[in-house]
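The numbers here are math on the coordinates, done by the rules we state, and not lab data. Since the model is a prediction, treat every value here as computed from it, not as a measurement. Counting neighbours? That spans all protein chains shown, and the Cβs are built from the backbone with ideal geometry, glycine included.
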Amino acid sequence: MRTLKLITRFYSGIFLVNFLITLSCVYSMRHFGDDVHEIIGLLFWYKVISLALIFYFAVHYKKNEQYYYQSLGISKLQLGFTTSAFDFTLWLVFILIQLFIGIPAYIFNMVLWGVLLIHVYLYNK
């Protein structure tokens with residue numbers, strides 16, 4: 001349980017950027033409509049490359065924080081794999097929902113603003 005809390009603490013710093021990239025993929029799928037099958041591969045690689053870059057910058061800019069996690073028994077590899085797997089699963093769920101059901105614009109906007117407000121509230125707390 002302690003490990004999960006520590007990983008959550010690390011992920012909270014990069015959650016907003018990852019979630020905005022996920023929502024940009026969903027919005028791109030909404031925009032393309034029936035031709036969505038042409039960009040699925042592009043969206044997949046967009047997400048994979050952005051995950052790698054975000055993790056690299058998070059590790060690079062939070063070097064001192066990495067010592068904190070390592071002293072508590074969590075390696076960089078464990079942080080990277082766990083946060084990336086969770087975020088990719090979240091991305092996949094949103095993509096599948098958009099692909100099979102479709103997300104109406106008002107729900108899309110409510111989710112976006114809700115996540116932004118919650119993140120700002122928790123970040124300033």
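For the chain, hydrophobic long helices are taken as DSSP H runs at least 18 Å long by C-alpha position along their axis with mean Kyte-Doolittle hydropathy of 0.0 or more; these are 15-32, 40-61, 76-100, 105-124. With R₀ set to 25 Å, the beta-carbon distance separating Leu77 from Arg2 gives a calculated FRET efficiency near 0.85. Using the rule -39500 (n - 2.57) for each DSSP H run of four or more residues, divided by the residues of the chain, the 222 nm mean residue ellipticity is -28500 deg cm²/dmol. Going from the fewest other Cβ atoms within 10 Å to the most, the residues Met110, Met1 appear in the order Met1, Met110. Express in whole angstrom the spacing between the alpha-carbon centres of segment 71-85 and segment 87-125. Value for the Cα centre distance between the two parts: 24 Å.
Rg/Rh, computed from the Cα trace of the chain with Rh as the Kirkwood radius, has the value 1.01.
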